Amino acid sequence: MARKYFGTDGIRGATNATVMTAEMAMRVGMAAGTHFARGPHKHRVVIGKDTRLSGYMLESAMVAGFTSVGMDVVLVGPMPTPAVAMLTPSMRADLGVMISASHNPYGDNGIKLFGPDGYKLSDEDEIAIEALIDGTVPLAPSPDIGRARRYEDARGRYIHAAKLTFPDDLRLDGLRVVVDCANGAAYQVAPSALWELGADVVAIGVQPNGKNINDGVGSTSPALLCETVVASGAHLGIALDGDADRLILVDEGGRVVDGDQLMATIATGWARRGRLKNGLLVATVMSNLGLERYLESHELGLLRTKVGDRHVLEAMRERGCNVGGEQSGHIILSDYATTGDGLVAALQILAEIVRAGKPASEVLHRFDPLPQLLKNVRFSGGRPLDTDRVKAVIAEAEAELNGKGRLVIRPSGTEPVIRVMAEGDDPQQVERVVDRICDVVREVA
């Protein structure tokens with residue numbers, strides 16, 4: 001069943017210009033609170049947010065929605081998405097909410113929901129909540145209206161939990177680390193955790209003003225991080241996104257290291273120590289073919305899923321795997337977290353670097369990626385991928401790449417674009433194939 005409001009990662013859109021209005025936030029609170037009101041106990045929801053200006057508006061609206069149906073609210077303020085996921089079961093809450101549009105610009109915002117177990121909601125839960133959003137929700141009697149309170153110790157609890165994932169026998173003394181927090185949710189917790197573990201921390205992207213989240217900083221804009229790593233003589237650079245559930249790294253020479261290399265580093269390191277469950281890494285169809293070949297050379301497997309960290313996590317849980325993620329930097333380590341956690345993943349990489357006693361460039365460069373090209377084609381409506389012309393050009397491209405590369409074409413789950421990706425041994429062929437498909441999609445759209 002198609003969903004009306006929820007996309008691949010919650011509800012997201014331009015604030016006050018799409019569904020992301022105060023009214024919608026209130027209705028989501030009413031609907032989700034009603035759906036998760038199970039059992040005779042007093043119900044509770046944990047709400048976190050990133051640093052967007054619209055977070056204040058949406059937070060207040062959600063408080064009104066939840067309390068109106070009798071649910072108590074715990075407000076933790078600007079916190080990473082994985083912190084909300086961690087705090088939800090820890091505080092015996094029935095529901096967790098993260099108000100964030102992740103790596104999008106400040107004008108967008110979104111709502112991510114977590115169940116009482118700290119995992120993102122199932123399709124069935126989201127469909128049920130959507131039905132309540134568009135329906136009539138019974139309000140709580142006056143004596144049963146919920147209360148709201150701010151919880152001041154949330155940052156400390158998350159920092160402590162993140163540090164516990166770092167090996168007890170290791171320290172970060174002697175390592176200079178630049179951390180770019182994207183002027184987002186981790187602007188306080190990430191530098192603090194690294195400093196407490198002994199690192200010499202250089203922090204950038206830690207002065208949020210409501211409008212500068214992801215603006216020239218963070219995992220989607222690593223240029224400043226690259227420059228700062230080289231200029232400061234740092235051993236490593238860490239870039240988080242707006243809600244800190246993804247990361248990329250920069251080595252000592254200012255070169256960007258993507259999620260595929262990071263997953264390869266963690267997976268092989270854990271495999272050497274007997275920690276990688278089932279000898280499998282779970283990643284999406286967008287991960288480079290070079291990663292797959294590298295894992296095979298180490299007698300490890302790669303299980304591919306559809307794009308989206310929720311699909312990665314579903315496959316991990318089904319197959320009993322404990323390492324998975326996306327090329328974009330969402331890395332899920334299920335021994336420690338129920339969702340992607342940029343800081344925790346970075347700490348695992350730092351542990352590998354400390355153990356190796358080698359520069360980051362040597363530790364993190366695990367394979368030479370095959371030439372890969374991704375282009376987006378924006379469209380205003382309809383279903384371009386269902387047309388005969390687009391199907392025909394895709395079939396031609398697949399025949400041309402047969403045995404020499406891969407082709408992945410999909411609609412985005414968060415914006416109206418078609419993503420066209422190809423990879424193969426011949427970069428000219430890859431570019432030719434992608435451009436040909438994009439031209440036809442653009443004409444049809």
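The values are calculated or read from the model by the stated rules, or taken from the named source; none is laboratory data. What you see is a predicted model; the values in this text were computed from it and never measured. As a convention, Cβ positions derive from the backbone with ideal geometry for all residues, glycine included, and neighbour counts pool all protein chains shown. Ligands, DNA and RNA are excluded from the accessible area calculation, which covers all protein heavy atoms including side chains. Shrake-Rupley method; radii C 1.70, N 1.55, O 1.52, S 1.80 Å.
Here are the numbers for this structure:
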| item | result |
| --- | --- |
| Odd one out for P427 among (1) open to solvent by less than 20 Å² (accessible area, probe 1.4 Å); (2) in contact with a Pro (Cβ under 7 Å, 6 or more places away or on another chain); (3) not acidic (D, E) | (1) |
| R389 vs. criteria more than 26 Å from the chain's Cα centre (by Cα), exposed (fewer than 14 other Cβ atoms within 10 Å of the Cβ) and not in a strand (DSSP E or B) | yes |
| Within segment 271-294, considering residues that are open to solvent by 10 Å² or more (accessible area, probe 1.4 Å) and among the hydrophobic types (A, V, I, L, M, F, W, C), the one farthest from P359 (Cα to Cα) | V285 |
| Enumeration of residues in segment 298-337 that are on the phi > 0 side of the Ramachandran plot and under 11 Å from the mean Cα position of the chain (by Cα) | G308, G325, G329 |
| Test result for K306, charged (D, E, K, R) and in contact with a strand residue (DSSP E or B) (Cβ under 9 Å, 6 or more places away or on another chain) | yes |
| Answer residue from segment 217-243, given it is open to solvent by 20 Å² or more (accessible area, probe 1.4 Å) and in a loop (DSSP other than H, G, I, E, B) and is nearest to S102 (Cα to Cα) among those | T220 |
| Set Q372, Q348: member being of a type in the set (S, T, N, Q) and either open to solvent by 50 Å² or more (accessible area, probe 1.4 Å) or over 26 Å from V189 (Cα atoms) (or both) | Q372 |
| Among (1) hydroxyl-bearing (S, T, Y); (2) buried (at least 17 other Cβ atoms within 10 Å of the Cβ); (3) free of Cβ contacts under 8 Å to residues at least 12 places away in the same chain - the single one S297 does not satisfy | (2) |
| Any chance R317 is outside any helix (DSSP H, G or I), open to solvent by 10 Å² or more (accessible area, probe 1.4 Å) and at pLDDT 95 or above | no |
| Residue in segment 254-270 that is open to solvent by less than 10 Å² (accessible area, probe 1.4 Å), touching a residue at least 24 places away in the same chain (Cβ under 8 Å) and aromatic (F, W, Y) present | yes |
